[in-house]
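Q: Got a structure for you, written out below as structure tokens; questions coming shortly.
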Amino acid sequence: MKIALLGYGKMGKVIERIALDRGHEIVLRKSSTESFDGLQHAHVAIEFSVPSAALTNISKSLNAGVPVVSGTTGWLEEYHKMAALCTDKDTAFIYGSNFSLGVNLFFELNDYLAKMMSKFEDYKISMEEIHHTQKLDAPSGTAISLANSIINHSHYDNWTLTNPKDNELKIDAQRIENVPGTHSVFYTSNVDTIEIKHTAHSRDGFALGAVIAAEWLLGKKGVFTMKDVLHSVTL
């Protein structure tokens, strides 16, 4: 499989290493100073860049008929436009706030626990996420995904980074040097606290998931999620 890497920072380099180990070829390594030359030769694009570049990267690929796997967060107010473009160009698109297998299992656990805890209003819910200082958006896309799942099964209407109102779920977003990512959800009452937590030890899990998603996407048409991938492949 020929892959265009749209974003060639730390994540892009890890994705490159894992893709090459799995027998794939890199035909474009697109940093902020590089052109899109080589995109036309790609079977699929893997897009891990920055929020300000994501729309251009994704739209360039979709317009060229190249399927896209995107893990860039912080641009989702425009997601519906990219989904519509994918349909219009009759190609394929996967966006994921996190491609790690462990995190996607954590998503499922978080959703199940939120449903269970919806009956127990004595528990107040809060969240914490910690990332490296180079991460530009806060809270993380993963934290937003976790929060939205909780909101769907609780009395909370939205999330906030600041002083929460009764209907707001507080997310404490921290940025610390050399931290790949930690996400925690707390259910706290007067008598105890229930906590679920995912801690990443390296970027390899995210990169492997993105490459597996690209392998799965090849030859398909439509807009998908990582859940579609995990429910149909054996890792």
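Q: State which residue pairs qualify: first residue touching a residue at least 60 places away in the same chain (Cβ under 8 Å) and inside the stretch 110-129, second residue open to solvent by 100 Å² or more (accessible area, probe 1.4 Å) in any location, beta carbons under 9 Å apart, and separation of 6 or more residues or different chains.
A: What qualifies is Asp122/Asn190; Asp122/Val191.
Q: Now for a separate question. Which of the residues spanning the stretch 207-225 are aliphatic (A, V, I, L, M) and open to solvent by 10 Å² or more (accessible area, probe 1.4 Å)?
A: Initial filter on the stretch 207-225 (aliphatic (A, V, I, L, M)): 207-208, 210-214, 217-218, 223.
Passing the criteria: Leu208, Ile212, Leu218, Val223.
A quick yes/no check of all residues on (1) modelled with pLDDT under 95; (2) open to solvent by less than 60 Å² (accessible area, probe 1.4 Å); (3) more than 22 Å from Gly74 (Cβ to Cβ); (4) part of a strand (DSSP E or B):
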{"site": "Pro139", "(1), (2), (3), (4)": "yes, yes, no, no"}
{"site": "Thr142", "(1), (2), (3), (4)": "yes, yes, no, no"}
{"site": "Ala147", "(1), (2), (3), (4)": "no, yes, no, no"}
{"site": "Phe186", "(1), (2), (3), (4)": "no, yes, yes, yes"}
{"site": "Asn190", "(1), (2), (3), (4)": "no, no, yes, no"}
{"site": "His201", "(1), (2), (3), (4)": "yes, no, yes, no"}
{"site": "Gly205", "(1), (2), (3), (4)": "yes, yes, no, no"}
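Q: For Asn152, are the conditions met, namely being open to solvent by 30 Å² or more (accessible area, probe 1.4 Å), out of contact with any helix residue (DSSP H, G or I) (no Cβ under 9 Å at 6 or more places or on another chain) and of a type outside the set (A, V, I, L, M)?
A: no
Q: Another one. Pull up the stretch 51-101, narrow it to residues that are of a type in the set (Val, Ile, Thr) and open to solvent by 60 Å² or more (accessible area, probe 1.4 Å), then point me to the one that is nearest to His131 (Cα to Cα).
A: Only one residue fits best here, namely Thr56.
Q: Another question, then. Determine, yes or no, whether Ile194 is surrounded by fewer than 17 Cβ atoms within 10 Å (Cβ to Cβ), assigned to a strand (DSSP E or B) and at pLDDT 95 or above.
A: Criteria met by Ile194.
The values are calculated or read from the model by the stated rules, or taken from the named source; none is laboratory data. Given the structure is predicted, the values throughout are model-derived calculations rather than measurements. Glycine also receives a Cβ, built like all others from the backbone with ideal geometry; neighbour counts cover every protein chain displayed. Ligands, DNA and RNA are stripped out before the accessible areas are found, and what is left, the full protein with its side chains, is counted by its heavy atoms. Shrake-Rupley method; radii C 1.70, N 1.55, O 1.52, S 1.80 Å.
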